[in-house]
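The values are calculated or read from the model by the stated rules, or taken from the named source; none is laboratory data. Everything numeric here is computed off the predicted structure, so don't read it as measured data. Quick reminder, even Gly has a Cβ in these numbers, built from the backbone with ideal geometry, and neighbours come from all protein chains shown. These accessible areas exclude ligands, DNA and RNA; they are computed on the full protein's heavy atoms, side chains included. Shrake-Rupley method; radii C 1.70, N 1.55, O 1.52, S 1.80 Å.
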Amino acid sequence: MFIKLLIKIVKLGFAVSLVFPAVYFRTPWLASLRDWAFGLVFILSLGLIVSEISGWTRNSSQRHVILSVLILAIASFSFSLAVTTEVKFQLTKQAILNREASQLETLGQHFIVGYRNLEEVKTLVEKGAIAGVFITRRNIQNKTPDDINREIQSLQAIRANQGLSPLWIATDQEGGIVSRLSPPLTQLPPLSSIIKDEKDIDSAKEDVIRYASIQGKELSEIGINLNFAPVVDLNYGIISSEDKYSKIYLRAISADKDIVAKVALWYCQTLADYGVICTIKHFPGLGRVDTDTHLEDAQLKTSVAELTQADWMPFREVMSKTNAFTMLGHAQLLAVDPDHPVSFSQQVVTDIIRDKWQHNGILITDDFSMHAVYGSRDGLEAATVKAINAGVDLILMAYDTDLYYNAMNALLQAESANRLNITVLKSSNTRLKQAIKQLL
């Protein structure tokens, strides 16, 4: 009797342990384990259900009956939740993939996605459903530069055969701790390390150009045409235990706005010489933020007047003198819009960048796989629609490709319901066409 009771308790423990993956297996931070997590929940919860039903007897004690009911209830919850969630996603995915390419191309040109499965991203390219792909370490394991180039060219060949413009092939090759393609590409130190004398920054110009030339040449040779660098957030030296991934203090060029502006300008101009577009990031500046938008919400409490005089100066300088993309971060700019991250804030994107600054360059979001977006009060779908309506041109989904299907579905539904701002969308489409001409 004791052994049977112990077995019931162990089964109950198993049932409870399955609730967590059943609830969270479709969140981005479990993307790399998603199939395994779903399989675990499906098999083990179903096994528990079958085991309890088949082992049911009228002679069971009240204690055993109570435990069996609990096991069945919890296992059934996990099983039904996981299956319902997965079926819903697969139906959404198939609905997108079953659409005609002509229906996807207009809205698809607003997405850049990362991938784990090359065949899946090839399908999206064939459908005209995306504007580009994000290449990172998981895509280049055990590959030579020639191998990487061949893979990229296989995607570009699809577009060429369709008579469409080239794909944006993006990566994060900043140097220092964010060097997604090193190895096999050269591992360079952060840009800040080559500034020898901050009192005479002009003396470092040749070093900056040499640095950017190495990156530009190597990126171009493997087929990369868009680099998510340089970081132009000012370095306020903020080190926080709440910051696990951003670590701006290790990636920023300098605390001096004039130095950052000059170095970023030289860097972007040099990359452009190799056919690689730079991306200044992360507007409105993460140097003062002490939390990590990968994992939680973040607030920037600085006044607009102070940001204008300091943090925004490098952004505006590079914006005005190059064709650089600008990456919008997910921090909330409290002085302007305390309810939305900057990446999909109309008050910031439309009112400040587009209207007040009259900036007509490409705006791309930071990765929408981050918690500050999918965990926001708006959620992924509403954030996507708001971003496009605000005047954002490209939405990045680098870590979790699956999010693309829900985001694209949200845009298609918004289009059908006339909830997309056609004027804003047309302006964005024009900007994207102009930007892609740089690759032709």
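Please find, among 102, 80, the residue that is under 30 Å from residue 426 (Cβ atoms), open to solvent by 50 Å² or more (accessible area, probe 1.4 Å) and assigned to a helix (DSSP H, G or I). Before the answer, list the steps.
Details: 80 fails: under 30 Å from residue 426 (Cβ atoms).
None of the other options fit; the residue is 102.
For residue 335, state whether it is open to solvent by less than 20 Å² (accessible area, probe 1.4 Å) and either modelled with pLDDT of 95 or more or among the acidic types (Asp, Glu) (or both). Step through it out loud before you land on a result.
Details: open to solvent by less than 20 Å² (accessible area, probe 1.4 Å): no; either modelled with pLDDT of 95 or more or among the acidic types (Asp, Glu) (or both): yes.
Judged against the criteria, residue 335 is not a match.
Anything in the stretch 178-203 that is outside any loop (DSSP other than H, G, I, E, B) and either at positive phi or buried (at least 20 other Cβ atoms within 10 Å of the Cβ) (or both)? List them, or say none.
Residues of the stretch 178-203 outside any loop (DSSP other than H, G, I, E, B): 178-179, 191-194, 198-203.
179, 191, 192, 201 - these are the residues of the stretch 178-203 that are outside any loop (DSSP other than H, G, I, E, B) and either at positive phi or buried (at least 20 other Cβ atoms within 10 Å of the Cβ) (or both).
Go through the stretch 221-330 and tell me which helices (runs of 4 or more DSSP H), entirely inside it, have 1 or more residues that are farther than 24 Å from residue 170 by Cα.
Details: elements: 248-251, 257-273, 304-309, 312-321.
Per the criteria, 257-273, 304-309, 312-321.
Residue 161 fails exactly one of the following numbered conditions: (1) within 24 Å of residue 270 (Cα to Cα); (2) open to solvent by 70 Å² or more (accessible area, probe 1.4 Å). What is the number of that condition?
For residue 161, the exception is condition (1).
Which of the numbered conditions does residue 175 fail, given that it passes all the others? Conditions: (1) open to solvent by 60 Å² or more (accessible area, probe 1.4 Å); (2) closer than 18 Å to residue 278 by Cβ.
(1)
Applying the selection to the stretch 399-433, what residues are open to solvent by less than 10 Å² (accessible area, probe 1.4 Å) and among the polar types (S, T, N, Q)?
428
Please count how many residues of the stretch 356-396 are in a helix (DSSP H, G or I), among the hydroxyl-bearing types (Ser, Thr, Tyr) and open to solvent by less than 10 Å² (accessible area, probe 1.4 Å). Break it down stepwise before answering.
Restricting attention to the stretch 356-396, the residues satisfying the condition of being in a helix (DSSP H, G or I) are 356, 371-374, 379-390.
Keeping just the survivors that are among the hydroxyl-bearing types (Ser, Thr, Tyr) gives 374, 384.
Now restrict to residues that are open to solvent by less than 10 Å² (accessible area, probe 1.4 Å): 384.
The total comes to 1.
Determine if the stretch 263-278 includes at least one residue that is over 18 Å from residue 322 (Cα atoms), of a type in the set (S, T, N, Q) and open to solvent by less than 50 Å² (accessible area, probe 1.4 Å).
Kept after step one, since they are over 18 Å from residue 322 (Cα atoms), are these residues of the stretch 263-278: none.
No - not one qualifying residue is present in the stretch 263-278.
Suppose we keep only residues that are among the basic types (Lys, Arg) and touching a Leu at 6+ places or on another chain (Cβ under 8 Å) within the stretch 277-316. Which one would you say is nearest to residue 329 (Cα to Cα)?
Filtering the stretch 277-316 down to residues among the basic types (Lys, Arg) leaves 281, 288, 301, 316.
Applying the additional criterion that residues be touching a Leu at 6+ places or on another chain (Cβ under 8 Å) yields 288, 301.
On the way: 288: 13, 301: 14 Å.
If we take residues in the stretch 277-316 being among the basic types (Lys, Arg) and touching a Leu at 6+ places or on another chain (Cβ under 8 Å), then 288 is nearest to residue 329 (Cα to Cα).
Tell me which residues, restricted to the stretch 386-432, are farther than 24 Å from residue 93 by Cα, free of Cβ contacts under 8 Å to residues at least 24 places away in the same chain and not hydrophobic (A, V, I, L, M, F, W, C).
423, 426, 430
Quickly run through the stretch 210-243 and pick out the residues that are touching a strand residue (DSSP E or B) at 6+ places or on another chain (Cβ under 8 Å) and either over 24 Å from residue 147 (Cα atoms) or among the hydroxyl-bearing types (Ser, Thr, Tyr) (or both).
211, 230, 231, 232, 233
Mind counting the residues in the stretch 230-258 that are over 19 Å from residue 215 (Cβ atoms), without any contact (Cβ under 8 Å) to a residue 60 or more places away in the chain and within 22 Å of the chain's Cα centre (by Cα)?
So the answer is 7.
Looking only at the stretch 137-151, decide whether some residue is touching a residue at least 60 places away in the same chain (Cβ under 8 Å) and touching a strand residue (DSSP E or B) at 6+ places or on another chain (Cβ under 7 Å).
Looking through the stretch 137-151, none of the residues is touching a residue at least 60 places away in the same chain (Cβ under 8 Å) and touching a strand residue (DSSP E or B) at 6+ places or on another chain (Cβ under 7 Å).
Return yes or no: is residue 245 of a type in the set (Phe, Trp, Tyr) and open to solvent by 60 Å² or more (accessible area, probe 1.4 Å)? Working first, answer last.
On the way: of a type in the set (Phe, Trp, Tyr): yes; open to solvent by 60 Å² or more (accessible area, probe 1.4 Å): yes.
When the stated conditions are applied, residue 245 passes them.
Could we say that residue 308 is within 27 Å of residue 243 (Cα to Cα), free of Cβ contacts under 8 Å to residues at least 60 places away in the same chain, of a type in the set (Ser, Thr, Tyr) and open to solvent by less than 20 Å² (accessible area, probe 1.4 Å) here?
Working: within 27 Å of residue 243 (Cα to Cα): yes; free of Cβ contacts under 8 Å to residues at least 60 places away in the same chain: yes; of a type in the set (Ser, Thr, Tyr): yes; open to solvent by less than 20 Å² (accessible area, probe 1.4 Å): no.
Criteria not met by residue 308.
Restrict the check to the stretch 38-55 and report whether at least one residue is outside any helix (DSSP H, G or I) and either open to solvent by 30 Å² or more (accessible area, probe 1.4 Å) or at positive phi (or both).
Narrowing the stretch 38-55 to residues outside any helix (DSSP H, G or I): 55.
Narrowing the set further to residues that are either open to solvent by 30 Å² or more (accessible area, probe 1.4 Å) or at positive phi (or both) leaves 55.
Yes, the stretch 38-55 has at least one match.
Mind listing whichever residues of the stretch 204-230 are open to solvent by 10 Å² or more (accessible area, probe 1.4 Å) and small (Gly, Ala, Ser)?
213, 220, 223
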